[in-house]
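What follows is a single structure, written as structure tokens, with notes after it.
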Amino acid sequence: MWKYLVLFIIVSIVLVGCNVNSTNQNYDEKAIDRAKDTVESYLKNNYENINKVEFSDDTSDPMGGLMIRGTVNGEAGFSVSIDPENYIVNSLAEKKDFPERKEECKERSCDY
């Protein structure tokens, strides 16, 4: 009897945990498109020589937020955490060969 009770509790915890994690990452296409527009504007206004921004389809974030990933100028990768309520950039991770930040935007982010 105890085995079944323990098994039931473990299965319940796992199912509730999976459900909580998946519901945090459901953003509609409109929200994702707006986040992509915000990211593109941020990159072009704060970094030098951004000619082309391409996005991947992966918008998952382990913490349940909205993460936008892609490349600039066809080569340098990035991932940006977006506040989905206010559509502001929380953080940016740059990969190798990412363009330099504009001089006037180094101390403080320029408007986007």
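The values are calculated or read from the model by the stated rules, or taken from the named source; none is laboratory data. Not measured: the values here are computed from a predicted model. Reconstructed Cβ throughout: ideal geometry from the backbone, glycine too, with neighbour counts over all protein chains shown. Note: areas computed on protein heavy atoms with side chains; ligands, DNA, RNA excluded. Shrake-Rupley method; radii C 1.70, N 1.55, O 1.52, S 1.80 Å.
How much length is gained if the chain between residue 73 and residue 30 is pulled fully straight, taking 0.36 nm per residue apart and subtracting their Cα-Cα distance, in nm to one decimal? Could the numbers behind the result be given before it?
Working: separation 43, 0.36 × 43 = 15.48 nm, distance 2.47 nm.
Extra length available between residue 73 and residue 30 comes to 13.0 nm.
Rounded to the nearest 20 Debye, what is the dipole magnitude of the range 49-96 about its Cα centre when Lys and Arg each give +1 and Asp and Glu each give -1 at the C-beta?
The calculation lands at about 220 debye.
Relative contact order of the range 67-112: what whole-number percent is it, with Cα pairs under 8 angstrom and at least 6 residues apart?
Working: 54 pairs, mean separation 12.9, N = 46.
Relative CO of the range 67-112 lands at 28 percent.
Mind checking which lysines have their Cα closer than 30 Å to the Cα of residue 36? Skip sequence neighbours fewer than 8 apart in that chain.
Cross-link targets: 44, 52, 95, 96, 102, 106.
By the gyration tensor of its Cα atoms, with a ≥ b ≥ c the square roots of the eigenvalues, what is the shape of the range 49-96: rounded for a/c under 1.5, prolate for a/b over b/c, or oblate? Please list the in-between numbers first.
Working: a/c = 2.12, a/b = 1.76, b/c = 1.20.
Because a/c hits 1.5 or more and a/b exceeds b/c, the range 49-96 counts as prolate.
How large a share of the accessible area of the range 49-96, in percent, is made up of carbon and sulfur atoms when the probe is 1.4 Å and the other protein chains stay in place? Each step should come with its number before you reach the end.
Numbers: 1170 of 2760 Å².
Ligands and nucleic acids excluded, carbon and sulfur reach 42 percent.
Take the Cα of residue 107, step 7 Å along the line toward its Cβ, and report every residue of the range 39-62 whose backbone nitrogen sits under 20 Å from that point.
Residues 45-48 fall inside that zone.
Using +1 at the C-beta of Lys and Arg and -1 at the C-beta of Asp and Glu, which of 88, 71, 55 has the Cα lying farthest in the positive direction of the dipole of the range 49-96?
71
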